[in-house]
Amino acid sequence: MTLIKSISGIRGTIGGNEGENLTPPDILRFTSAYAAWLHNQNNGKHIKVVIGRDARISGEMANSIIEGTLLGCGVDVINVGLCTTPGVEMAVTHYGADGGIIITASHNPRQWNALKMLDDKGEFLNAEAGKEVLKMASTTDMKYPDINGIGKVLLRETFDDHHINAVLSLPLVDVNAIKNRKFKVVVDAVNSVGGIVIPKLLSKLGIEVIRLNCQANGEFAHNPEPLPENLTEISAAVVAERADLGIVVDPDVDRLAFVSEDGSMFGEEYTLVAVADYVLSHTPGNTVSNLSSTRALRDITQQHGCSYAAAAVGEVNVVAKMKETGAVIGGEGNGGVIYPALHYGRDALVGTALFLTHLAKTGKSMTALRATYPEYYISKNKIELTPDIDVDEVLSKIKSKYAHENVNDIDGVKIDFADSWVHLRKSNTEPIIRIYSENRNKPLADALAEKIIDEIRALI
């Protein structure tokens, strides 16, 4: 069993020994540290925090501990209950809160849960802030206020309607165009909060919804990561129901994948590509994705006469680069769409609404739309190393070997060739190097990865 502490929060498996798993004392200590950090940031001002959770089984337990701990730390609480990750992010700014805690382990299996921390902008803590919270959780003896200083629950209310209405109000979401296409859609929400909010959004768009795994009971019907091997059920259902498409979200609804009318995968990487194509056709501007995302976004951006930039892997890094470049759309190739006109966070609801508007306006089928985009293949591999090997030294040697190519070292080593790229990143939790490569030809993408793996093995 596992407990992982990082700048983005604390994540682990439920049950077991304190300090080794995600247990009640670990939740209490980390929540207390976050509250203390917020108090320090706000110079003693009274603090208000939003709490929300996905539907996984341990969520109610974690929510109770977190809410009670925050109250004991002198923090007022707004509890939005079962809520998407982007919904909690938006609720922070909607209610003028000083921060937020999202109780979700995202795409991890049912035995996992996590606490993800937000700042007063509803965005994930940056590296500096995250390190400070970790330090306080591990070294600080917590001091709690007396009876006159404890917090109170200000509100217990769902945020779903606020979120949906904000999405439907966006200028680029054409509700009438979507309604006129009379789409029939199958939704797989892996029995988490997406099963509540995605059908509600689609119903307001006049869409016939076929629900698949939409009971928000936390009993994940399959591996919750929206990868092709986990989506055979919805693929078959789309064909059987003669639906126009399938929509798949992960447990906290920040990742979005589509299934085409013939049951084929539209491709998680191409969720952002298609949405960006639509956004750029109406609001030209810069785009951003992370270094491990498909080159197709760069190609589409340049076709619109705009500029693309790459960020280090991680939502907080993508958001920082988007702000730096003034990007109008961005995200990550795992189906994470970030649309700043709504908020700076990966959001499957806004991704769905923008994509459906695009599909409706083109008049195309899913397969026809997919065929309009550059075809790339990403090969994802890893190489396991012994703990005594200096991973940084290995990456440095690879960087030197390819110094004559276009090399980016802001996050591991990425080498851009004329017709392909390869990205090498070390894991923060285990002695491995992740190796992603891309080419328009799948065998060539695999061959490039194998070539780099052989070169690494020759160095160790």
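The values are calculated or read from the model by the stated rules, or taken from the named source; none is laboratory data. Model, not experiment: these values are computed from the prediction. For neighbour counting, all protein chains shown are included, and Cβ atoms are generated from backbone atoms with ideal geometry for every residue, glycine included.
In summary, ASP146 fulfils each of the numbered conditions (1) touching a residue at least 40 places away in the same chain (Cβ under 8 Å); (2) under 30 Å from ALA35 (Cα atoms) with the single exception of condition (1). Among the residues in the range 277-285, are any touching a residue at least 60 places away in the same chain (Cβ under 8 Å), closer than 29 Å to ILE103 by Cβ, out of contact with any Asp or Glu (no Cβ under 6 Å at 6 or more places or on another chain) and among the charged types (D, E, K, R)? Within the range 277-285, not a single residue is touching a residue at least 60 places away in the same chain (Cβ under 8 Å), closer than 29 Å to ILE103 by Cβ, out of contact with any Asp or Glu (no Cβ under 6 Å at 6 or more places or on another chain) and among the charged types (D, E, K, R). Go through the residues of the range 380-401 one by one and say whether even a single one is in the same structural domain as ASP446 (by TED's automatic domain parsing), touching a Leu at 6+ places or on another chain (Cβ under 6 Å), touching a residue at least 40 places away in the same chain (Cβ under 8 Å) and closer than 17 Å to ASP411 by Cα. Within the range 380-401, one or more residues are in the same structural domain as ASP446 (by TED's automatic domain parsing), touching a Leu at 6+ places or on another chain (Cβ under 6 Å), touching a residue at least 40 places away in the same chain (Cβ under 8 Å) and closer than 17 Å to ASP411 by Cα. Scanning the range 1-12 for any residue that is modelled with pLDDT under 90 and farther than 22 Å from ALA129 by Cα turns up at least one such residue. For the range 65-98, filtered to residues that are within 16 Å of THR158 (Cβ to Cβ), part of a strand (DSSP E or B) and not aliphatic (A, V, I, L, M), the residue that is farthest from the chain's Cα centre (by Cα) is ASN79. Among the conditions (1) of a type outside the set (Phe, Trp, Tyr); (2) within 27 Å of VAL249 (Cα to Cα); (3) part of a helix (DSSP H, G or I), ALA114 misses just one, which is (3). Just to be sure before I move on: is SER264 modelled with pLDDT of 95 or more, in contact with a Ser or Thr (Cβ under 8 Å, 6 or more places away or on another chain), within 25 Å of PRO224 (Cβ to Cβ) and small (Gly, Ala, Ser) in the structure I sent? Yes, satisfied. Among the residues making up the range 127-150, those that are part of a loop (DSSP other than H, G, I, E, B) and exposed (fewer than 15 other Cβ atoms within 10 Å of the Cβ) are THR140, ASP141, LYS143, TYR144, PRO145, ASP146. Inspection of the range 317-328 finds a residue satisfying the criterion of being surrounded by fewer than 23 Cβ atoms within 10 Å (Cβ to Cβ), within 21 Å of VAL413 (Cβ to Cβ), touching a residue at least 12 places away in the same chain (Cβ under 8 Å) and of a type in the set (A, V, I, L, M, F, W, C). Exactly one residue out of GLY345, GLY314 is of a type outside the set (Lys, Arg), out of contact with any Lys or Arg (no Cβ under 7 Å at 6 or more places or on another chain) and within 18 Å of LEU172 (Cβ to Cβ), and it is GLY345. Highlighted here are the strands (runs of 3 or more DSSP E) found entirely within the range 343-430 that include at least 3 residues which are farther than 21 Å from ASP299 by Cα: 377-384, 420-426. The residues of the range 2-38 that are on the phi < 0 side of the Ramachandran plot and free of Cβ contacts under 8 Å to residues at least 60 places away in the same chain, listed by number, are THR2, LEU3, ASN17, GLU18, GLU20, ASN21, THR23, PRO24, PRO25, ASP26, LEU28, ALA35.
Take MET117 and decide whether it is under 19 Å from the mean Cα position of the chain (by Cα), crowded, with 18+ Cβ neighbours inside 10 Å and outside the structural domain of SER264 (by TED's automatic domain parsing). For MET117, the condition - under 19 Å from the mean Cα position of the chain (by Cα), crowded, with 18+ Cβ neighbours inside 10 Å and outside the structural domain of SER264 (by TED's automatic domain parsing) - is met.
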